[in-house]
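J.: Structure incoming, see below.
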Amino acid sequence: VTISRRGLLGGIAAAAGAGGIGGYAAFAAASGSDGTAPASDVVDFHGDHQAGIVTPVQDRLHFAAFDLVDSASRNDLVRLLKEWTAAAERMTAGRDVGEHGAVSGPDDAPPEDTGEALDLPPSRLTLTIGFGPSLFDKRFGLSRLRPPALVDLPRFIGDTLDPARCGGDIAVQACSDDPQVAVHAIRNLARIGFGTTAVRYSQLGFGRTSSTSRDQATPRNLMGFKDGTRNLKLEDAAKLEQHLWVQPGDGPDWMTGGSYLVSRRIRMMIETWDRTSLAEQEAIIGRHKGSGAPLGKADEFDEIDFGIRDDAGEPRFTPEAHIRLAHPSTNGGAELLRRGYNFVDGSDGLGRLDAGLFFLAYQRDPRRQFIPVQRSLARSDVLNEYIRHNGSGIFACPPGIRAGSFWGETLFA
Amino acid sequence: MSVTRAVAVLLCLIGPVGLAGCADDEPASGDDGTSGTSGTGGTDSAAVAVSASDDECKLSRSEVKAGTNTFAVTNQGSKVTEFYVYAEGDRVMGEVENIGPGLKRDLIVELTAGRYQTACKPGMAGNGIRGDLTVTGEATAQVDTDTALKQATESYQRYVRSQATALEERTAEFVAAVKAGDVAKAKELFPVSRTYWERIEPVAESFGDLDPKIDARENDVEPGTEWTGFHRIEKALWIGNTTAGMSPYADRLMADVKTVVAKAKVVRLNPLQLANGAKELLDEVATTKITGEEDRYSHTDLWDFRANVEGSQAAVQALRPALQQRDPALVTTLDTRFAAVFTALEKYRSGDGFKPYLPTSAERRHLSSVVDALAEPVSKVAAVVARK
């Protein structure tokens, strides 16, 4: 029997004042928990689409890219995906990993679950998987199933990519309202994967920089601006079919109902940005910093008017304003579902913070969405003076699964 | 180089009306294209003879009358030299660049009564050989701040023009060496010609696609677009140790530099643009020079580094009289911090230039910290200038 985190929490709350490791098991047993958590705190792992895409964006991220080890076979890969699926089902439900979990196993064995999430609620944990182009090389017999939309991203002007922060056979995005719950999830998947897979790189994120629901306020990125005002939202059902989910006939059948993820680690030169005048910052972005309204407008959600002029008759928008370059009207109607996160990975050795945006965007076809938008931005965006793309990935995220099936099952059917 | 700044473009572009205005105001220039100003005061007929050598900077007299003064600079040394007249805080009142050995050039400059410094910079290096200059005459009443700001733009325009002239001349020498297949000479001239580019980079950058054509690094170029400019040739010189195949790129560079120079000479900047330009130059240092990504093959980054800071200082010092009236404490901070950056750079000097920039992480961090310390007060200049 394993301890549910929900059960633990209930037990602790009921018997406030008692403590110590010894106490935990007793409370859990006493609570008689069935492992369920309040609906609001658990995001269903199963469904037509993977969770963690239109799910209202959680506060924290732990993203990891994995490579299969040289000796891994196709059978090893399938076994890993099954084991990961089982672990993901438990963790997203607020339970610990394995038959015995964190503290109920044999004394002489290392615990199956690493334990740091034991007394934490599920915190809306979602785990979302994606397969990188390299998984479709000759190793696992998947070449003919590589979706044409899963292109190798082209080089964009100004890219300063670090190979150690790029690519990966498999990516897992863990999002949660509690950073420790997200880290726990990636840590335990990595542990299960030893011998078959190894972490290539991982990225922590905080302060979601987008909303995927109209119920969420638009958050701010580390430049201090509201980011993702015009994001695709889960309420826009028709648009999601048009821009987000792979439709029947789009590509290989196994991807129908899935989505393509592009990740970019974008370092921000926040120190030089901070020395830029408010007027220039707003001109570069194309929005007012306080309200998030488009230039010349009052409210964040007011329609953008790129032709608007100031009192002196001068255009408010430069041709290169960020929101103009990124706007669907500039990019053949391309829209993205963004769910990026801020990051600060310590400092850079030059007395500055290694800070920025870990950009995550889901879409139906990167060839028509991310790539043209990024081309336009890389070519002209004035923001490029203050940012560097130093990590990059593209992943095919399969459709959602039902109980009893496993991540990527359609790929191995 | 950096990606074109749309904002700078918007600020710097001048319409046909502005151009006409600039042309009308074109100051009298030295007969060889060097800078000067048209005089409104009395003219001191006898020129001050300046004898510049590799280790001396002798003026025929160190006292002149207020008004328009001419300095006839003869380079009797073996190195290319420059001559400057500075007001307090190294505010450039006038300068002539790129005086080759054996050449004579005139600096015509209007000076009001007060104490100044002169400097010859053989090898164009460092603070130069300094001397005192006294300008006698009735002390002029202190101008109001608006006048001071107007004078700032005129002063900085003179600076841009003289730098642009030198950029064209030195690039011509660099290009000639490349086309002659003289790898050693081309390597020697590469950082020298870039010095003039880097000093006025925000101005040059404001002319749309000329900046990427002249100064793009390899990763700045869009796939399918040809990589041209200084860094293309730099790679051939340092990685291939050759000029083979570079002739067409040298010709292109020369043509592009000539275009940018012609535009830079008539550009008219307002005080706010000066202030922003000073900040942008330090951003350039902070983001591309400190890291060593600018001159990744030649490692001549410190030449560019110093030139960016010099350009920033020229813009700030042009504004100095106005800043002095509005925020004297800021002026003191700026003086101290500019000096600290130049001091930090001297550690890397080698002859007239710099050692290859291959810093330890501690050295890199130190340079970064002095630049950040300077960039912060420089970023405050614009708001002081804009204050009503």
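The values are calculated or read from the model by the stated rules, or taken from the named source; none is laboratory data. The structure presented is a predicted model; accordingly, all values stated were derived computationally and were not measured. Using ideal geometry, Cβ is built from the backbone for each residue, glycine included, and neighbour counts are taken over all protein chains shown. SASA here: full protein model, heavy atoms, side chains in, ligands and nucleic acids out. Shrake-Rupley method; radii C 1.70, N 1.55, O 1.52, S 1.80 Å.
J.: Given a 1.4 angstrom probe, I'd like the percentage of the accessible area of segment A:88-209 that is carbon and sulfur, rounded to a whole number.
T.: Accessible surface attributable to carbon and sulfur in segment A:88-209 totals 55 percent.
J.: Straight-line reach from B:K380: which lysines fall under 24 Å, measuring Cα to Cα and dropping same-chain residues less than 8 apart?
T.: Straight-distance partners of B:K380: A:K289, B:K150, B:K279, B:K289, B:K388.
J.: How much accessible surface does B:S62 have with a 1.4 Å probe, in Å² rounded to 10?
T.: My reading of the accessible area for B:S62 is about 60 Å².
J.: Would you please state the base-10 log of I(q)/I(0) at q = 0.06 1/Å for chain A, with intensities from the Debye formula using one equal scatterer on every alpha carbon?
T.: Log10 of I(q)/I(0), two decimals: -0.26.
J.: How much solvent-accessible surface does B:K179 expose, in Å² to the nearest 10, with a 1.4 Å probe and all protein chains in place?
T.: Roughly 100 Å² of B:K179 is accessible to a 1.4 Å probe.
J.: Nearest 500 deg cm²/dmol is fine: what mean residue ellipticity at 222 nm does chain B get from its DSSP H runs of n ≥ 4 alone, each adding -39,500 (n - 2.57), divided by its residue count?
T.: -16000 deg cm²/dmol
J.: While we're here: Translational diffusion coefficient of segment B:135-229 at 4 °C, 1.567 mPa s, Stokes-Einstein with Kirkwood Rh over Cα pairs, in µm²/s as a whole number.
T.: Diffusion coefficient, whole number: 80 µm²/s.
J.: When DSSP beta bridges are limited to those with both residues in the protein assembly as shown, what percentage is antiparallel, rounded to the nearest 5?
T.: Close to 90 percent.
J.: Rolling a 1.4 angstrom probe over the protein heavy atoms, how many square angstrom per residue are accessible across the protein assembly as shown?
T.: 39 Å²
J.: So what J values fall out for segment B:99-110 if you push phi through Karplus, 6.51 cos²θ - 1.76 cosθ + 1.60 with θ = phi - 60°, rounded to Hz, Gly and Pro as x?
T.: 9, x, x, x, 8, 10, 9, 9, 10, 10, 8, 8
J.: Share of Cα-Cα pairs in segment A:303-386 beyond 18 Å, in percent?
T.: 57 percent
J.: Run the reach check for B:K179 against lysines, Cα to Cα strictly under 21 Å, same-chain hits fewer than 8 apart removed. What comes back?
T.: Leaving aside lysines fewer than 8 places away in the same chain, those within reach of B:K179 are B:K187, B:K213, B:K235, B:K258.
J.: Related question: Counting only helical runs of four or more DSSP H residues, what would the 222 nm mean residue ellipticity of chain A come to if each run contributes -39,500 (n - 2.57) and the total is spread over all its residues?
T.: Theoretical 222 nm ellipticity from helices: -6500 deg cm²/dmol.
J.: As an exercise, take the mean of 1/r over every pair of distinct alpha carbons in segment B:153-309, invert it, and state the Kirkwood radius in angstroms.
T.: Computed over segment B:153-309, the radius equals 15.6 Å.
J.: Next question. Which of A:A93, A:A237, A:A174 moves the most in a Gaussian network model of chain A with Cα springs under 10 Å?
T.: Its mean-square fluctuation being the largest, the pick is A:A237.
J.: OK, next. Of the residues A:K233, A:K289, A:K297, which exhibits the maximal mean-square fluctuation in a Gaussian network model of chain A defined by a 10 Å Cα contact cut-off?
T.: Answer for the Gaussian network model of chain A: A:K297.
J.: Using only the alpha-carbon atoms of segment B:42-180 as identical scatterers, what base-10 log of I(q)/I(0) does the Debye formula give at q = 0.18 Å⁻¹?
T.: The computed values of log10 I(q)/I(0) come out as -1.04.
J.: Next question. So which GluC sites (Glu not before Pro) in segment A:83-117 pass both tests, a DSSP loop state and at most 12 other Cβ atoms within 10 Å of the Cβ?
T.: Hits after loop and neighbour filter: A:E99.
J.: Roughly how large is the B-A contact in terms of buried accessible area, totalled over both chains, probe 1.4 Å, nearest 100 Å²?
T.: Interface between B and A: roughly 2500 Å².
J.: Mean projection of the alpha-carbon convex hull of the protein assembly as shown over all orientations, in nm²?
T.: Its average projected convex-hull area is 39.3 nm².
J.: Calculate, for A:S71 and B:S51, the FRET efficiency according to 1/(1 + (r/R0)^6) with r their C-beta to C-beta distance and R0 60 Å; round to the nearest 0.05.
T.: In this case the efficiency is close to 0.15.
J.: A further question follows. So which trypsin sites (Lys or Arg not before Pro) in segment A:186-230 pass both tests, a DSSP loop state and at most 14 other Cβ atoms within 10 Å of the Cβ?
T.: Passing both the DSSP loop test and the Cβ count: A:R214.
J.: Within chain B, what whole-number % of the accessible surface is contributed by carbon and sulfur, with the 1.4 Å probe and all protein chains included in the calculation?
T.: 53 percent
J.: While we're here: Mean shadow of segment A:128-246, computed from the convex hull of its alpha carbons, in nm²?
T.: 10.1 nm²
J.: What are the ³J(HN,Hα) couplings of segment B:192-198, residue after residue, when phi is run through the Karplus curve with 6.51, -1.76, 1.60 and θ = phi - 60°? Round to Hz, x for glycine and proline.
T.: Working through the residues one at a time gives 5, 5, 5, 3, 6, 4, 5 Hz.
J.: Any number yet on Rg/Rh for segment A:255-367, C-alpha, Kirkwood?
T.: Rg/Rh for segment A:255-367 comes to 1.03.
J.: When N counts the residues of segment B:223-364, how does its alpha-carbon radius of gyration compare numerically with 2.2 N^0.38 Å, as a ratio?
T.: 1.25
J.: Return an integer: the convex hull volume of the alpha-carbon atoms of segment B:174-230, in Å³ per residue.
T.: Per residue, the Cα convex hull of segment B:174-230 comes to 92 Å³.
J.: Give the Rg (one decimal place) followed by the Dmax (whole number) of segment A:67-120, computed from C-alpha coordinates and expressed in Å.
T.: Looking at segment A:67-120, its Cα Rg and Dmax stand at 13.3, 37 Å.
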